[in-house]
Amino acid sequence: MSSKMQPVRGTRDLIGADARRHHAVAETARRTAGLYGFEEWFTPIFEDTAVFARGLGDTSDVVSKEMYSFEDRGGDSITLRPEGTAGVCRALVSNGLTQTLPQKVFYAGPMFRYERPQKGRYRQFHQIGIEVLGAAEPLADAEVIACGWQILNALGVAEGVVLEINTLGDAASRDAYRAALIEHFSAHQDKLSHDSKVRLEKNPQRILDSKDEGDRAIVATAPTIDAYLTPEAASFFEAVQGYLTLFGVPFRRNPRIVRGLDYYSHTAFEFVTDRLGSQGTVMGGGRYNGLVEEMGGPATPSVGWAAGMERLSLLMEAVGNDPRPPRPVAVIPQGEGAETAALSLVQKLRQAGITAEMAYRGNLKRRMERANRQNAHAALFVDAAGAIEMKNLDSGDQYALSEDAAIAALGG
RNA sequence: GCGGUCGUAGCUCAGCUGGUAGAGCGCCAGGUUGUGGUCUUGGAUGUCGCGGGUUCGAGCCCCGUCGAUCGCCCCA
C-alpha cells in the first residue's frame, strides 16, 4: 500500500461521474457564455511572477503566501496562475487588443494555490470565468451577472443559490468609507478578535466579512458604504440593479460583501449557497478598473467573475444532476465466423455518427451483460453471412432488418 | 499556518474487556455453443495508511508521520 503512488496533496483525478460533471460544467458554461457573445481565450498556465504580484495586490494572502512560484532554468521567476483575470488582462495588452474594445472573454482551466485542502478546495483547482474588458457602462456589469445566472440555471444548480450584490464605490467613496471603518473599529479595538485586529491594519473592510461572534456585534453597528458613496458611484450602482431587474435576475443587497483581490471597485457580487459548508461562494466577481494599466496598457474599465468548477460539480452532485454518457449500440457476433461481419458493421455505424461498441471478447451472455452495464439501448446480432437482427434492450422487441435500415433506425 | 474528527478488500462498512481478519456490493468462473437487467454455486483480493513503542501477543493501547475530512484564515 505504501508503495502505491498517490496524487500529491491537494490534487486529484477526475474519473467517471466526476469527470462527466467537470466536463458538463465547462461545456455548459462555454456554450452559455457564447450566447452572450463571449469568446474563449487560452492563456498560459504560468506567467511571469510580476503579472500576479502586481495585479492582485500584496495585501491578499493569495500573493503573500499561496502562490506556486519557482525559478526556471533561465533564472526567471515564474508562477503557476492562482486565478484567471490577471493573465487575461496581460494577454489583452500583449496582443494589442486595447485598440479593439470591448473584448468579451471566456476562459476555463486549472489554477493553483498553496492552501490547506478542504472539500471543494484544492491546490490544483479549476475555474471558469468571463471578463468584459473595456466597458465602463453599468450595463456590462448586469450582462456579466445575467450570464452567470444563466449558467447556474443551465447546470440545474440555481435552486438554493442566491445572488448577493454590493458596491465598493469609486476611489473617492472607497477612501472615505475606509476611513470611517477604521474610526469605527478602532473605537472597539479591544473587543475585536485577533484576526480582525490584523485586518484593521491590512484590510479593514475584511472585518465586515468576519465569522467571529464578537466581531459581528461590532460589525452590526458599523457604518455602511451608502452614506459615503459619491453621486456618480451611487447612480452607477442604481443602474446595475435596474438592469438586473430588467433581465429578471433576482438579487439581494448585502452591504458586507467585500472582495479578496485588490483590483475591484464599484460592483461586487457573489452567488452563494448554504449547501457547501464554508465553501459557500460558488461564483464571485465584480468591476475592476486599473488592472490593465498594471499590465502596461491604457486605463480599461472591466468587469467579470470567476467560478470554482469543483464547487459547481459538488452542487450538481448534491441536486442529483448526473450526466450520463450517450447510450451505445452493442454489436454482437452470433455463431462461428461472424466476427468479421460484426466488426465491419460496428465501424460503419461509427462512421455514420452512431455510438457503437463491440466487446473484445466473451460469449453471448457476457456480451449481453456488458451491453447492459453500458446502458446500451439496442443490440445488433450479426451472423457470419452478415444478416442482422436488432433487439431493443428497453422493450425486448427483436426483428431482422437490413444494414441500411439499421443505420437509419439508429439515427445515422 | 492553527484546532477537532477519522484512516480495515476496488466501494460502503463490521471487528466485543488487546488472542495474527469478516459482510454486502462489485469483480472473475460455472449452472446455460449461447439472447441481458432475476436466480444459484464457487473463486480471487488485504504487510488493517506508514514508522516506532508497550505487551508473551496490537486492527484495537501510546508516540510520531502522511493522508482525508470539518471548522478558522483566505478564497471560486
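The values are calculated or read from the model by the stated rules, or taken from the named source; none is laboratory data. Fair warning: this is a prediction, and the values are worked out from it, not measured in the lab. A quick note on method: Cβ atoms are made from the backbone with ideal geometry, for glycine too, and the neighbour counts reach across all protein chains shown.
Figures for the structure shown
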item: Number of positions in segment A:94-132 that are surrounded by fewer than 19 Cβ atoms within 10 Å (Cβ to Cβ) and basic (Lys, Arg); result: 3
item: Residue that is farthest from RNA strand B (Cβ to nearest atom), among those in segment A:77-99 that are of a type in the set (Val, Ile, Thr) and either in contact with a Cys (Cβ under 9 Å, 6 or more places away or on another chain) or more than 23 Å from A:THR32 (Cα to Cα) (or both); result: A:THR98
item: Residues of segment A:215-236 satisfying the condition of being within 11 Å of RNA strand B (Cβ to nearest atom) and surrounded by fewer than 16 Cβ atoms within 10 Å (Cβ to Cβ); result: A:ARG216
item: Matching entry among A:ALA352, A:ALA338 (being surrounded by 12 or more Cβ atoms within 10 Å (Cβ to Cβ) and modelled with pLDDT of 90 or more); result: A:ALA352
item: Segment A:239-257 residues that are within 27 Å of A:SER210 (Cβ to Cβ), paired with ones that are surrounded by fewer than 17 Cβ atoms within 10 Å (Cβ to Cβ) and among the charged types (D, E, K, R) (beta carbon under 7 Å, 6 or more apart); result: A:ARG256/A:ASP209
item: Segment A:298-307, subset at pLDDT 95 or above and of a type in the set (Gly, Ala, Ser), residue farthest from A:HIS266 (Cα to Cα); result: A:ALA307
item: Residues that are in contact with an Asp or Glu (Cβ under 9 Å, 6 or more places away or on another chain) and under 30 Å from A:ARG324 (Cβ atoms), drawn from segment A:26-52; result: A:ARG30, A:ALA33, A:GLY34, A:TYR36, A:PHE38
item: Residue selected from segment A:46-58 under the condition within 16 Å of RNA strand B (Cβ to nearest atom) and at pLDDT 90 or above, by the criterion nearest to A:ASP262 (Cα to Cα); result: A:PHE52
item: Segment A:1-45: number of residues that are away from RNA strand B (no atom under 13 Å from the Cβ) and of a type in the set (Val, Ile, Thr); result: 4
item: Residue satisfying condition, being at pLDDT below 95 and either closer than 30 Å to A:PRO323 by Cβ or surrounded by 16 or more Cβ atoms within 10 Å (Cβ to Cβ) (or both), within set A:ALA146, A:ALA158, A:ALA91; result: A:ALA158
item: Given (1) basic (Lys, Arg); (2) crowded, with 17+ Cβ neighbours inside 10 Å; (3) assigned to a loop (DSSP other than H, G, I, E, B), number of the condition A:ARG21 does not satisfy; result: (3)
item: Among the residues listed as A:PHE38, A:PHE70, the single one being in the same structural domain as A:VAL144 (by TED's automatic domain parsing) and either touching a residue at least 60 places away in the same chain (Cβ under 8 Å) or buried (at least 19 other Cβ atoms within 10 Å of the Cβ) (or both); result: A:PHE38
item: Subset of segment A:344-382 [among the charged types (D, E, K, R) and touching a strand residue (DSSP E or B) at 6+ places or on another chain (Cβ under 8 Å)]; result: A:ARG350, A:GLU357, A:ARG367, A:ARG370
item: Count - residues of segment A:358-407 that are surrounded by 16 or more Cβ atoms within 10 Å (Cβ to Cβ) and within 19 Å of A:ALA341 (Cα to Cα); result: 18
item: Residue selected from segment A:260-278 under the condition over 15 Å from A:SER302 (Cα atoms) and in contact with a strand residue (DSSP E or B) (Cβ under 6 Å, 6 or more places away or on another chain), by the criterion nearest to RNA strand B (Cβ to nearest atom); result: A:GLU270
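Here is a yes/no grid of residues against (1) more than 18 Å from A:ARG311 (Cα to Cα); (2) modelled with pLDDT of 95 or more; (3) assigned to a loop (DSSP other than H, G, I, E, B); (4) within 8 Å of RNA strand B (Cβ to nearest atom):
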| site | (1), (2), (3), (4) |
| --- | --- |
| A:PHE106 | yes, yes, no, no |
| A:GLY109 | no, yes, no, no |
| A:ARG116 | no, no, yes, yes |
| A:GLN127 | no, yes, no, yes |
| A:ILE130 | no, yes, no, no |
| A:ALA135 | yes, yes, yes, no |
